[in-house]
1. Where in the stretch 142-181 does the amide nitrogen come within less than 15 Å of the point 7 Å from the Cα of residue 132, taken along Cα to Cβ?
2. How much net charge surrounds residue 190 when only the other residues with a Cβ under 14 Å from the Cβ of residue 190 are counted, with Lys and Arg +1 and Asp and Glu -1?
3. Given H placed 1.01 Å from N in the peptide plane, which residues other than close sequence neighbours of residue 50 have an amide H under 5 Å from its amide H?
4. Please work out how much length the chain gains when fully extended from residue 171 to residue 62, using 0.36 nm per residue of separation minus the C-alpha to C-alpha distance, in nm with one decimal.
5. Where does each of 191, 203 land when they are ranked from fewest to most other beta-carbon atoms within 10 angstrom?
6. At R0 = 22 Å, how high is the FRET efficiency between residue 119 and residue 71 if r is their beta carbon distance? Nearest 0.05 is fine.
7. For the stretch 187-200, just list the computed ³J(HN,Hα) in residue order, Karplus coefficients 6.51, -1.76 and 1.60, θ = phi - 60°, integers in Hz, with x standing in for Gly and Pro.
8. Defining a contact as two alpha carbons under 8 Å apart and six or more residues distant in sequence, what relative contact order in percent does the stretch 157-209 show?
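No lab work stands behind these numbers, since they all come straight from the coordinates. It should be emphasised that the depicted structure is a prediction, and the values quoted were computed from it without experimental measurement. Using ideal geometry, Cβ is built from the backbone for each residue, glycine included, and neighbour counts are taken over all protein chains shown.
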Amino acid sequence: MNSAIKLFLLLLLPLGMQAQYSISNPRQYVPEDPETVFFTGEFYRGYSVNNSSWENYSTLGFGLDVNWFVFPFLTIGGHYGLMFGDLKESEISNTGSIDDITSHMLGLHLGYYYAFNREWNLHTQAGFGEVNNRNKAPDTKFTEQGNTLWLQSALAYRFDKTAAIYIKASLRWDRMNIDTPQVLNDYFNKHSLLLIGFGVRLHLQNPGG
């Protein structure tokens, strides 16, 4: 079992503990008609929180997400993320000729959904997936592959049974497979990112909901 999968399993422990608590928690609001599925679309900005090559880029991202309710408090689903990185002019000496990066991320996640009342809810996710970075330089293009883990919380306000808006904060850990001198391995292969954003959520109820 590689280190990325081990870290993912560790991230799932808090979700499991919260889910166990929710089974017997009478304070959680549960709608009369059980939820079925919800979809989200979001925008976010990314910030490097460690010493890695991503700190040289200004980043903007977009994500699509689907979640299915296993229980009123437990979700499973999938996520696709697209993030663009534009080189800061003052940082070109740190990256060579790479002036922009397009990062594609695809993964699965497990979530804990807590409804405070009809309007307000909190959704926390832990996920694991693959990341593909497409790098562009004036004279060449090339790709890099790796694995990614993330832990995210989103606070949402629901207007009605269907529509909601939310704000999110996410920590994402990318581990790439780039051949590089050992002294630069962490800088180019180990990225920790803070993603701050907002989104729109579409809830679908069971028939008659």
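1. 142-148, 177
2. That sum, taken over residues with Cβ under 14 Å, equals -2.
3. It is 192, by chain and number.
4. That works out to 37.7 nm of additional length.
5. Working: 191 26, 203 21.
Taking fewest neighbouring Cβ atoms as first place, the list is 203, 191.
6. Details: r = 21 Å, r/R0 = 0.96.
The formula returns an efficiency of 0.55 here.
7. 5, 9, 10, 10, 10, 10, 10, 9, 10, 10, x, 8, x, 10
8. Relative contact order of the stretch 157-209: 48 percent.
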